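The values are calculated or read from the model by the stated rules, or taken from the named source; none is laboratory data. These numbers come from a predicted model, not from an experiment. Positions of Cβ are generated from backbone atoms using ideal geometry, with glycine treated the same way; all protein chains shown enter the neighbour counts. Calculation scope for accessible area: heavy atoms of the full protein, side chains included, ligands and nucleic acids excluded. Shrake-Rupley method; radii C 1.70, N 1.55, O 1.52, S 1.80 Å.
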Amino acid sequence: MKLFKCTQCENPVYFENTSCDRCKYQLGFEVNSMSLFAIKTEADGSYSLVKHDDVPNSGYRYCANHQYQVCNWLVAEGAKSDYCVACNLNRTIPDLAVDDNLRKWSKIEIAKHRLIYALLRFNLPVNRKTSDAVHGILFDFLADTEGQPRVLTGHANGLVTLNIAEADDIEREMMRKQMDEIYRTLLGHFRHEIGHYYWEVFFLDHPERLSLFRKIFGDERADYGESLQRHYEQGTPKDWEEHYISAYAAAHPWEDWAETWAHYLHMVGTLETAYAFGVTIDPLIHADKRGMSTRIDKDPYLEMDFEEIIGKWLPLTFAMNSLNRSMGLKDPYPFIITPSVLGKLQFIHNAIHQQWASV
Ligand SMILES: [Zn+2]
Ligand SMILES: [Zn+2]
Ligand SMILES: [Zn+2]
């Protein structure tokens, strides 16, 4: 994520801020420029951007979800929808009459907006699924109902379903332990599930790409249901770390793709933040520093080739883990990237940068 400042008073502000703590101006995210702006109310009730030259700076509205304080994105004059490009993908939101659902939804939207930001930065198509469209995305945020089967978080045909219990830290942590996972977050769920969607966009109707995929990830025609059942009943092979970024990735080639895709998004999203802060890692230890020093001086969405991404990522993760340990927190990066996983990440990097989604 980029670092933003209030365009009225230059105060640094977060991506999610709806107003500036210092000058109290309202803030809105303008999607064409991917920037956050201080905004002013005009006589007709619309908003104009403070201090901006590149894009038309008047006639904006807030996304309709701003009324619930779950979205700070702006909608341009003349737009067809009352919702921003991120919220327009929602088909079902939690029942806000239920206690605590607004708080859960708010956390869900924070993660979802960060996902959509990344997809837009990668220039991936982000369109709402219409009933007849092969492609397109929709989100259902659903709660378990008594007497009904549990809502399963997952993806089918562009529809991403999220069980809103995942927005509760205690419930999610219980699920994490039960599933024996080392990492479980809302943002991770979104990155994973949308990976399934782009798999379809990239590979369905592209047999030549599919054969490349199968060489690296295995044959996805292996029965999906049986593979997952085997994964849950027999556990993962002992040497899974050699070949997979997570134990779950070993369940089926589709899950391997989605797990590795999510991981690539973790890397680029975090590297962008480090870039925004001008992070340089130059450890003071006298041991051989090779591979431990780096300057994160480029935009990982645009300017880094894959070797550079990895070269900057590994020292950064070591620093991140060390910082967290100093705060008495667990490692934010409990992963190991082996050569085999590296090849998969590189494949995903190439697929995104070769614009497979649009050709
Ligand atoms: Zn300000
Ligand atoms: Zn919105
Ligand atoms: Zn999956």
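Do any trypsin sites (Lys or Arg not before Pro) in the range 257-317 lie in a loop, going by DSSP, with at most 16 other beta-carbon atoms within 10 Å of their beta carbon, and if so which? The partial results should precede the final answer.
Values: sites: Lys289, Arg290, Arg295, Lys298, Lys312; in loops: Lys289, Arg290, Lys298.
Listed in order of number, the matching sites are Lys289, Arg290, Lys298.
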Exercise. Under a point spin-label approximation (7 Å from Cα along Cα-to-Cβ), what is the Asp331-Asp169 distance to one decimal in nm?
Worked result: 2.2
Exercise. Which lysines, on any chain, are close to Lys238 with Cα under 30 Å apart, when same-chain ones fewer than 8 places away are left out?
Worked result: Lys177, Lys215, Lys312, Lys330, Lys344
Seminar exercise, completed: With the 1.4 Å probe rolled over protein heavy atoms, the chain has an accessible area per residue in Å² of 51
For this session: List the lysines whose Cα lies under 28 Å from the Cα of Lys40, skipping any in the same chain that are fewer than 8 positions away.
Result: Lys2, Lys5, Lys24, Lys51, Lys80, Lys107, Lys112
Exercise. Local charge sum around Arg184 (other residues, Cβ-Cβ under 10 Å, Lys/Arg +1, Asp/Glu -1)?
Worked result: 0
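Ignoring ligands, DNA and RNA, what percent of the 1.4 Å accessible area of the chain is carbon and sulfur?
Carbon plus sulfur share of accessible area: 52 percent.
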Seminar exercise, completed: With label points set 7 Å from each Cα along the Cα-to-Cβ direction at Asn324 and Leu204, the distance between them in nm comes to 3.5
Exercise. What is the gain in length, in nm to one decimal, between Gln229 and Arg150 on full extension, counting 0.36 nm per residue of separation less the C-alpha to C-alpha distance?
Worked result: 26.7 nm
For this session: Quick one: work out the % antiparallel among DSSP beta bridges in the chain, nearest 5.
Result: 70
For this session: For the chain, restrict the atom set to alpha-carbon positions and state the Rg and Dmax in Å.
Result: 21.2, 66
Exercise. In debye to the nearest 20, how big a dipole does the range 180-324 give about its Cα centre with +1 on each Lys and Arg Cβ and -1 on each Asp and Glu Cβ?
Worked result: 400
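Please give me, ordered by residue number, the trypsin sites (Lys or Arg not before Pro) of the range 163-256 that lie in loop per DSSP and have at most 12 other Cβ atoms within 10 Å. Walk me through the intermediate numbers first.
Working: sites: Arg172, Arg176, Lys177, Arg184, Arg191, Arg209, Arg214, Lys215, Arg221, Arg230, Lys238; in loops: Arg184, Arg221, Lys238.
Passing both the DSSP loop test and the Cβ count: Arg221, Lys238.
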For this session: Using label points projected 7 Å from each Cα along Cα→Cβ, tell me how many nm separate Asp21 and Phe277, to one decimal.
Result: 1.5
For this session: Just tell me the longest site-free run in the chain, where the sites are GluC sites (Glu not before Pro) in a DSSP loop having at most 14 other beta-carbon atoms within 10 Å.
Result: 182-302
